[in-house]
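Below you will find the structure I want to go over with you.
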Amino acid sequence: MSQKDYVFSFHVDERPAKGYLVIITESPADYIKWRLWLNNFSLTKEFKPNLNYLIDDTQLSFHIFDVTHLMVSGKNELTINYNGARPLTVRLANATLIVRSPGFYSKYSLMAGLQQLRPGDVVELSSMGKNYVIIRNISRGKVKVMNGKSVEDLIEVSHECEEIDTEAEGSIRIMNFSGQDKKTITQILLHYSYKASTPSLDFDAFPELTDDGVKIRLFNKGDVDIDKLTLNVMINGITAGFKTINRLGRGEGISCNISLPVRRGQILVRIVGMRAGLRKIVDKELTR
């Protein structure tokens, strides 16, 4: 990290029941002077990693924080302030949020640490269904991901952290497929696995033109309330009207009007419904 401040921003639709930050840094194996802030609250004044791994003359450090009480709805901002003369590299800043919502069920596992694979080595990771693996190579190489089925992915991996997204029941296998170059070491840093059952998020939209714009009737036919709907009306691809509805209960309907300029052309009405990370998009076309 050449600059003195590193800023990592992320958006939260609603305050989570649990929120975790994982920061992975690479630095010389000696004193580091840094400070962390989340939403202008100081997390730490000292460099005290939860996990340290010494690789040659470089230290790979994991910093894990429970920041549930500091999260806010909307934009959240993590700032890393570094005042040292020696190089410090932020390899990864990751936020994991757990939100409670009626009708949703999730089972999950979060693991952080260092697993190194030499060329030809294979590691097997337990899978609940969906998996996100944060991985990198010491030098550019290839990684093979096997999900226990006929599907195998061969992925080019560099020294930058990359995310692998895969689905499997039972386990996934990751192999360093880089040939015989002993310097091509694969590092597995994080593994998230989860299984979720979600309700149906569904709605109907019925737009019709009026003298001064468009009238849109909406009906929630899904299993749960819809937290928010955004209505975007475009004429010939350019946004001409916009509206937000903050809640539409299960089985409820609502009508709204959006004024439009007097302009002929193709009208696209795009409605996005949102609930606890789920999204449904409905597009309707009109002509005048």
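The values are calculated or read from the model by the stated rules, or taken from the named source; none is laboratory data. Keep in mind that this is a model prediction, so the values were computed, not measured. Heads up, the Cβs are rebuilt from the backbone with ideal geometry, glycines too, and the neighbour counts pull from every protein chain shown. All accessible areas refer to the heavy atoms of the entire protein, side chains included, with ligands and DNA or RNA removed. Shrake-Rupley method; radii C 1.70, N 1.55, O 1.52, S 1.80 Å.
With a/c under 1.5 counting as rounded, go ahead and sort the stretch 1-140 into rounded, prolate or oblate using the C-alpha gyration tensor (a ≥ b ≥ c being the square roots of the eigenvalues; past the cut-off, prolate if a/b is larger than b/c, else oblate).
In terms of gyration-tensor shape, oblate.
Taking all protein chains as present, what is the carbon and sulfur share of the accessible area of the chain, in % to the nearest whole number, probe 1.4 Å?
47 percent
Can you send over the solvent-accessible area of Ile155, 1.4 Å probe, protein chains only, in Å² to the nearest 10?
50 Å²
Which one of Met234, Leu278, Gln266 is farthest out on the positive end of the charge dipole of the stretch 203-287, using unit charges on Cβ (Lys, Arg +1; Asp, Glu -1) and the Cα centre as origin?
So the residue we want is Leu278.
How many percent of DSSP beta bridges within the chain run antiparallel, rounded to 5?
100 percent
Could you put Ile55, Ile135 in order of accessible surface area, largest first, with the 1.4 Å probe and the full protein assembly present?
Most to least solvent-accessible, the answer reads Ile55, Ile135.
Also, quick follow-up: Which order do Cys256, Cys161 take when ranked by solvent-accessible area (1.4 Å probe, heavy atoms of all protein chains), largest first?
Cys161, Cys256
Over all distinct alpha-carbon pairs, what is the Kirkwood Rh of the chain in angstrom?
22.5 Å
Tell me the accessible surface of Phe10 in square angstrom (1.4 angstrom probe, heavy atoms of protein chains only), to the nearest ten.
30 Å²
Return, for the Cα atoms of the stretch 82-133, the radius of gyration and Dmax in Å, separated by a comma.
Spelled out, the Cα radius of gyration and Dmax of the stretch 82-133 are 17.2, 52 Å.
For the stretch 203-287, just list the percent of Cα-Cα distances falling in each 5 Å bin from zero outward, please.
Taking all Cα pairs of the stretch 203-287, the binned fractions are 3, 15, 29, 24, 15, 10, 4, 1 percent.
Before I look further, what does the chain give for accessible area per residue, probe 1.4 Å, in whole square angstrom?
The answer is 55 Å² per residue.
Expressed as a whole percent, how much of the Cα-Cα distance distribution for the stretch 24-92 exceeds 18 Å?
Of all Cα-Cα distances in the stretch 24-92, 39 percent exceed 18 Å.
Oh, and also: Based on the Cβ-Cβ distance of Cys256 and Glu46, what FRET efficiency does E = 1/(1 + (r/R0)^6) give at R0 = 45 Å, to the nearest 0.05?
0.25
How many angstrom lie between the Cα centre of the stretch 72-140 and the Cα centre of the stretch 230-280?
The two parts, judged by their Cα centres, are 35 Å apart.
In nanometres, what is the gap between the two model label sites at Arg270 and Tyr31, each 7 Å from Cα along Cα-to-Cβ?
If labels sit at Arg270 and Tyr31, their model points lie 5.4 nm apart.
Got a sec? What order do Leu54, Leu286, Leu229 fall in by accessible area at 1.4 Å, biggest, i.e. largest, first?
Putting Leu54, Leu286, Leu229 in descending order of accessible area: Leu54, Leu286, Leu229.
What full-extension length gain, to one decimal in nm, is calculated for Asp181 and Ala85 as 0.36 nm per residue of separation minus the Cα-Cα distance?
Taking Asp181 through Ala85 to full extension adds about 31.2 nm, to one decimal.
To continue, here is another question. Who wins for biggest fluctuation among Ser255, Ser193, Ser61 in a Gaussian network model of the chain, springs between alpha carbons below 10 Å?
Judging by the Gaussian network model, the answer is Ser255.
Sticking with this one: Can you spot the lysines whose alpha carbon is less than 24 Å from Lys243's alpha carbon? Ignore those fewer than 8 places along the same chain.
Lys75, Lys215, Lys221, Lys228, Lys280, Lys284
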